[in-house]
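Single-structure report; data block below.
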Amino acid sequence: MTIHQPNPIDVHVGGRVKMRRLMLGMSQETLGEHLGVSFQQIQKYEKGRNRIGASRLQHIARVLAVPVSFFFEDAPGSGPAVVPRFAPADRLDVAIAKAAQDLSPTAKKAVLAVIAGFRAEASRNVAHAS
């Protein structure tokens, strides 16, 4: 018996659906209600276990207010290797990104400066501990 491995593109697209859903603060249940499917089906889409058909992907894009191309950005095999624009590690990363999206460019620069300061301090502390 062979174990089916999800296609890397399906996993990537599902991960982007999850990322955008979390950025909007939307539950799997709510997304499922908009699409007429169960939250378990949304889980399968997000993990890449079930493929998302073209019409369903277009519907998801409308609900999540992004172009369909959003789900394919930085997809494996989509061209030369590029650094992802944003790959949140957890819900806190998503919360930070969500909080920052409505800030003015000046405020965003100030927030980045504060974060850079924290990172520099953390690097100094690591260097001193070694």
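Every number here is computed from the coordinates shown, using simple stated rules; none is lab data. Bear in mind the structure is a predicted one, so any value in this text is a computation, not a measurement. As a convention, Cβ positions derive from the backbone with ideal geometry for all residues, glycine included, and neighbour counts pool all protein chains shown.
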Helix check for the chain. Which DSSP H runs span at least 24 Å along their own axis by Cα, with a mean Kyte-Doolittle hydropathy no less than -0.5? 105-129
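Within the chain, how many lysine pairs that are 8 or more places apart, or on different chains, have C-alpha atoms less than 21 Å apart?
Lysine pairs satisfying the spacing and distance rule in the chain number 5.
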Just to be sure I understand, if you calculate Rg and Dmax of the Cα atoms in Å for this structure, which of (i) 13.1, 40; (ii) 15.0, 51; (iii) 18.1, 57 do you get? (iii)
Peptide ranges 3-14, 107-118 listed from the most packed, as the mean C-beta count within 10 angstrom indicates: 3-14, 107-118
So, with +1 on the Cβ of K and R and -1 on the Cβ of D and E, and no other charges, what is the size of the charge dipole of the chain about its Cα centre, to the nearest 20 debye? 60
